[in-house]
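Okay, structure first, notes after.
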6 protein chains.
Amino acid sequence: MSSQSRPSGRASDQLRTITIERHYTRHAEGSVLIGFGDTRVLCTASVEDRVPPWLRGKGEGWVTAEYGMLPRATNTRMQREAARGGQGGRTMEIQRLIGRSLRACVDRQALGERVITLDCDVIQADGGTRTAAITGAYVALVDAVNLLMKRENLRRNPVVGAVAAVSVGIYQGVPVLDLDYAEDSNCDTDMNVVMNDGGGFIEVQGTAEGHAFRRDEMDALLGLAEKGIAELVAAQRAALELS
Amino acid sequence: MSSQSRPSGRASDQLRTITIERHYTRHAEGSVLIGFGDTRVLCTASVEDRVPPWLRGKGEGWVTAEYGMLPRATNTRMQREAARGGQGGRTMEIQRLIGRSLRACVDRQALGERVITLDCDVIQADGGTRTAAITGAYVALVDAVNLLMKRENLRRNPVVGAVAAVSVGIYQGVPVLDLDYAEDSNCDTDMNVVMNDGGGFIEVQGTAEGHAFRRDEMDALLGLAEKGIAELVAAQRAALELS
Amino acid sequence: MSSQSRPSGRASDQLRTITIERHYTRHAEGSVLIGFGDTRVLCTASVEDRVPPWLRGKGEGWVTAEYGMLPRATNTRMQREAARGGQGGRTMEIQRLIGRSLRACVDRQALGERVITLDCDVIQADGGTRTAAITGAYVALVDAVNLLMKRENLRRNPVVGAVAAVSVGIYQGVPVLDLDYAEDSNCDTDMNVVMNDGGGFIEVQGTAEGHAFRRDEMDALLGLAEKGIAELVAAQRAALELS
Amino acid sequence: MSSQSRPSGRASDQLRTITIERHYTRHAEGSVLIGFGDTRVLCTASVEDRVPPWLRGKGEGWVTAEYGMLPRATNTRMQREAARGGQGGRTMEIQRLIGRSLRACVDRQALGERVITLDCDVIQADGGTRTAAITGAYVALVDAVNLLMKRENLRRNPVVGAVAAVSVGIYQGVPVLDLDYAEDSNCDTDMNVVMNDGGGFIEVQGTAEGHAFRRDEMDALLGLAEKGIAELVAAQRAALELS
Amino acid sequence: MSSQSRPSGRASDQLRTITIERHYTRHAEGSVLIGFGDTRVLCTASVEDRVPPWLRGKGEGWVTAEYGMLPRATNTRMQREAARGGQGGRTMEIQRLIGRSLRACVDRQALGERVITLDCDVIQADGGTRTAAITGAYVALVDAVNLLMKRENLRRNPVVGAVAAVSVGIYQGVPVLDLDYAEDSNCDTDMNVVMNDGGGFIEVQGTAEGHAFRRDEMDALLGLAEKGIAELVAAQRAALELS
Amino acid sequence: MSSQSRPSGRASDQLRTITIERHYTRHAEGSVLIGFGDTRVLCTASVEDRVPPWLRGKGEGWVTAEYGMLPRATNTRMQREAARGGQGGRTMEIQRLIGRSLRACVDRQALGERVITLDCDVIQADGGTRTAAITGAYVALVDAVNLLMKRENLRRNPVVGAVAAVSVGIYQGVPVLDLDYAEDSNCDTDMNVVMNDGGGFIEVQGTAEGHAFRRDEMDALLGLAEKGIAELVAAQRAALELS
């Protein structure tokens, strides 16, 4: 694919501009505004000294996530879920994915009887909000855990490795990396991939929107995801190295 | 893997006994009780002459799904979702998956302004309820559409190809096909795969429960899924050939 | 009334074919699929070692019931109550009736601090779902209590006598027993009667759908109910005598 | 039974003092405060020029009821249903009963495409709130319909006959009429009976709280109900004769 | 303003007829039916030996309020909030105001670990329901606390001073006291004022419905409120002096 | 009051630093991030070509508001309202206030049959979120209306004047302007004042948290509010003059 065939002019294996702004708000133990191009998600990590009922007395902690979109993060205003009386299926699906992904890099014994809640709120949407949320939530998690380790004198770091996520898809017949809204709403196949910094897969969620995808297409998509996530992990690391 | 290491004694690439009982209840246009071993799901297809608001006047139809579990389908009683006041995140995630999967084999123009609702209710659970639901819902859908074609004299068959689903996973280090509950609750990786009868992928949803999975493990799992789904498609075809 | 005037051709005092299949699913302590003709209800009894808050520490147990209909148990699809966000008035009315009826044959002191929940889910509806549910739930309750007695070495059997239920009504001017849907939707008076095996009344719920009913009609209906319930109690006993 | 054995000292076949105050509030088309002893229920009838969706264009109307209790109508404060987020099972059961009972005396063709809503709100509870509600709602309905007939020049009176209700029960082994709270909370059997002014039964709802009741007890209860309802119908008539 | 320009013919600084009927219902510790002209609100005070979770073990109590309107308290029937599934914004706003107002005259240490709930239910509405509710709830509160002091032998009276409320507004350019519905629905500015018997302000909630109000108009309104509340406090005192 | 007695060191009549950033997000017709010190609220204005049912066909529009807080906008994490199943009383009270305030500066005939929704989402909270929301929503409203006027060629500007809001209160006995969280949580009296640019009052909501406030204190508070709002209106004007 010549790079000009993507609406954004990006090469097929090119991420959007990634921005990671730490300490974006001041109350949360971790607070990160992440940008994947025009997509902007505020990810906060909150530490609480409690565990869900089913973990009481077991000496281990929990990591969970909640996801929301401001009503006008999108092109047309969506009804506020709090006003509608509950979270919809898409929201639940996404926040369950974020929670599972981040738990994959946490040693819950080392965390102790605490809950870390990752709130991912989309300020502006342009495709890829869930992958941006996972990638940003990881940075917020690390900030929160570092604070906790200092404060509580933990013996072991509960964060084990890194986690990042990216979408890949087949747009006009060509596998591409990190779909924006213009691509996402017109692609044949859309796949969200969550990986760790060791190249292991944590989640793969692929959906054929138009025609079913072949095994070789799947292989190409996974290859793009591996490349993109390596770059995202590097961006996370760079952001975390700033004081 | 020696076959005795699976709790059920199955070979690693062996499905459970698959049973498909059509016309299980008499009111629905399609009604199928499907068994994947001890997992039993009642799948009904209901045809209604209406479309959702966003499709009015567009000359095409819709296919949607709802999923439920009877409270004592499982080992310990779960609270009834109707009594709790709404469907949980897991339920929503599953019924969205079933709906997307079945829409992948329906020509919505050929269907015309109608809705087909696939209700998948788990009578007894032993792992793999969502894959059994998709596989059974396809048979119910075909029965309903055949009835509709006779009744309404449709020009084109709205069902295009076949769809089936199976779970694969890594249990005690070995990739296995069609996990039952004993395996599912102890496996490292769990992947649900939905494919069509042409070998195309419709959905791939893989989750690392324990450690992240490598690319070669993913390849092995996809291979198992391809084998299993070919057998499931054959079982669907055999069931549909009975009058 | 000549037998041909009932849509089914039954005599006015004739029950539909009654089928009682025990151990229908494998997880519940009691699990019964009951059929009153084409009406099929799955009744499970679940035993839990807890009591509702208002009974804590009183040394007695509780019996409660929940009722549901699969969306396509009926001729036209009904909205799923879990999706609608709660149970409707009819559902609540029926499950309260089932609960009261079954509590009438349980010695709650003998049960001890346990809850037995009777889940009655209608797989296929053709009139009389609540009376089938009560009649089947009794059998599931007995199976669950027998298991409990063995397991926990109870000193006294908490089940005292038997309970069964049937509907009676006035169809085209004639009192008839065990209405099916064709009769139920066109009758003048509809009465649900719950009795024990000693001929005592536990619940009587009669409703004039068309014109008010006279005292002599009420007497005839109660007589039919007494006959029908004696036969149902015999069918319960026969089913329970099988190993 | 000697009259002194009822907590109130009433004879076994004696109603409490019945008071019916019409035009209690000024906005509703019909507004009645009814007292059965210390039980006080405000019944309003509201006429609206609309019908429920399923009746549109059929030329007939609808009568429905809603029931509520003020939180401190009872001895201990109950949670407000609006605050709890919905109506409970008991409330739904009662308002469905009131609605069915009043529809039994309305010619819905004569009413035309209108809805009459009977709101029955318990100001003070001392047993028998649902029977007081039905008896009072009838008077409110007549007032509303008379106003409507004048205003809209209806050709036919939509109210056909009269409807009243009373509870009967077995208290300390003796059948008694019109149970107050002291009796209701300690009785063996409780039956609510709704009848018309021609002596026909509209609803019979009997529940054995303690032991099951025998056929002869049922006959005695029905006899008491017939006597009590005749007196209630007379009280309704007397109240309606006042200008 | 000449008195005839108010729809009711009242002088601009004239309250409606105030009626306060204590012991209106018999179960509540305090029960008052208050009338501000045709507005009638039933205010009950319920004492419970519990505190909300956040006050446990602190040795102090809580005062809270709930507000409701009977569906036909108003000119056209409103949907019942319990049936609609929750309290609306207006209801919550009003009950929060009532709660804050009454807490202003209660010494929560002296009350001890108890909750007093003030239920204010509008039987008939003609403007000013929230101010009538506050004024009546105070009387119910005093009755309840007096009973509690006798029963529990409290050392200190938890009620400190008196609280009353009135609305003021600008109707056709003239500041007026105690708006009825005819004025309220056509006024330019509407202000609810809650004061204590020492002339201190507890709440001031003014809203410009039409044009914004000037500082001198605000001053005139506050002056009217001071006059009206002095009269309401006197009416409360007179009512409480009756045995 | 010497300036050092406020926790922030501000003079008693000094606002916090006010920042107004227009075009903060790109989808909404108006999008403003407003800061009152550390309080940061994102205010978007969305224009839709529809009106609420009660305004259909009347040729006028509507302005409404919704308010939310991100879960970790505050010092301790609050439960997400969408997850809890609905908006709480405080949220409803605030969004009703914002809506009324902004409607006060809109000519709804000039707007035509359109709805403008003002979404005010608190990104970071440090007291005064509702006054910041109103002040920022006005700027977003002007941006949205200016765009609308250009796009739709409106004849008349629907925005009439300006609206801003500020809190005032009595902190440690001294009237102060624009309370931050440290003051707000410890003050005796808290008043929110909404005014227009002509010095007229739109809303005054004062609450005595500790002791009731005197008339002279009220006068001092209103004076502070007038000064503060004049400065806020100037800040709005300055922000709007930037292209």
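The values are calculated or read from the model by the stated rules, or taken from the named source; none is laboratory data. Predicted model only: the values in this text are computed from it and were never measured. All Cβ positions, glycine included, derive from the backbone under ideal geometry; neighbour counts span all protein chains shown. Note: accessible area is taken over every heavy atom of the protein model, side chains too, but ligands, DNA and RNA are not part of it. Shrake-Rupley method; radii C 1.70, N 1.55, O 1.52, S 1.80 Å.
Brief remarks on what is shown
- Scanning the stretch C:130-139 for residues that are open to solvent by 10 Å² or more (accessible area, probe 1.4 Å) and either within 22 Å of D:R96 (Cα to Cα) or in a strand (DSSP E or B) (or both) yields a count of 1.
- Verdict on C:N186 being within 19 Å of C:L102 (Cβ to Cβ) and more than 9 Å from chain D (Cβ to nearest Cβ): no
- Hey, B:V166 of a type in the set (A, V, I, L, M) and closer than 29 Å to A:V106 by Cβ or not: no
- Checking each residue in the stretch B:92-125 for being open to solvent by 10 Å² or more (accessible area, probe 1.4 Å) and within 14 Å of chain A (Cβ to nearest Cβ) picks out B:M92, B:E93, B:Q95, B:R96, B:R100, B:R103, B:A104, B:V106, B:D107, B:R108.
- Residue list for the stretch A:40-59, restricted to those being open to solvent by less than 20 Å² (accessible area, probe 1.4 Å), within 16 Å of A:G128 (Cα to Cα) and within 11 Å of chain F (Cβ to nearest Cβ): A:L42, A:C43
- Test: D:V142 is touching a strand residue (DSSP E or B) at 6+ places or on another chain (Cβ under 8 Å), over 25 Å from D:R10 (Cα atoms), open to solvent by 10 Å² or more (accessible area, probe 1.4 Å) and within 14 Å of chain C (Cβ to nearest Cβ): no
- Qualifying position, being touching a residue at least 12 places away in the same chain (Cβ under 8 Å) and under 20 Å from the mean Cα position of the chain (by Cα), among E:G68, E:G88: E:G68
- Residue count for the stretch B:212-227, restricted to those that are surrounded by 19 or more Cβ atoms within 10 Å (Cβ to Cβ) and in contact with a helix residue (DSSP H, G or I) (Cβ under 9 Å, 6 or more places away or on another chain): 3
Conditions (1) under 25 Å from A:Y138 (Cβ atoms); (2) part of a helix (DSSP H, G or I); (3) away from chain B (no Cβ under 12 Å); (4) touching a residue at least 60 places away in the same chain (Cβ under 8 Å), marked per residue:
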site	(1), (2), (3), (4)
A:D190	yes, no, no, no
A:G198	yes, no, no, no
A:I202	yes, no, no, yes
A:G210	no, no, no, no
A:L221	yes, yes, no, no
A:E226	yes, yes, no, no
A:I229	yes, yes, no, yes
A:V233	yes, yes, yes, yes
A:R237	yes, yes, yes, yes
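- The lone exception for F:D190 - which of (1) open to solvent by 10 Å² or more (accessible area, probe 1.4 Å); (2) farther than 20 Å from F:S5 by Cα it fails: (2)
- Residue count for the stretch E:32-63, restricted to those that are closer than 21 Å to E:L147 by Cβ and free of Cβ contacts under 8 Å to residues at least 60 places away in the same chain: 2.
- Looking only at the stretch D:60-84, and only at residues there that are of a type outside the set (S, T, N, Q), open to solvent by 40 Å² or more (accessible area, probe 1.4 Å) and not in a helix (DSSP H, G or I), the one that is farthest from the other protein chains (Cβ to nearest Cβ): D:W62
- The set of residues from the stretch B:193-211 being under 22 Å from B:S5 (Cα atoms) and crowded, with 22+ Cβ neighbours inside 10 Å comprises just one member, B:A208.
- The set of residues in the stretch B:19-57 being touching a helix residue (DSSP H, G or I) at 6+ places or on another chain (Cβ under 9 Å) and at pLDDT below 95 consists of B:L55 alone.
- Those residues of the stretch B:160-184 which are touching a residue at least 24 places away in the same chain (Cβ under 8 Å) and either assigned to a loop (DSSP other than H, G, I, E, B) or surrounded by fewer than 22 Cβ atoms within 10 Å (Cβ to Cβ) (or both), in sequence order: B:V160, B:G161, B:A162, B:Q172, B:V174, B:D178, B:L179, B:D180, B:Y181, B:A182, B:D184
- E:T17 meets all of the listed conditions (1) in contact with a strand residue (DSSP E or B) (Cβ under 8 Å, 6 or more places away or on another chain); (2) open to solvent by 10 Å² or more (accessible area, probe 1.4 Å); (3) away from chain D (no Cβ under 14 Å); (4) touching a residue at least 60 places away in the same chain (Cβ under 8 Å) but one, namely (4).
- When A:L232, A:L224 are checked against the criterion of being over 29 Å from B:C105 (Cβ atoms) and not small (G, A, S), a single residue qualifies: A:L232.
- Count - residues of the stretch A:147-159 that are without any contact (Cβ under 8 Å) to a residue 60 or more places away in the chain and touching a helix residue (DSSP H, G or I) at 6+ places or on another chain (Cβ under 7 Å): 4
- When the test is whether a residue is more than 14 Å from chain B (Cβ to nearest Cβ), of a type in the set (D, E) and without any contact (Cβ under 8 Å) to a residue 60 or more places away in the chain, A:E29 does not pass it.
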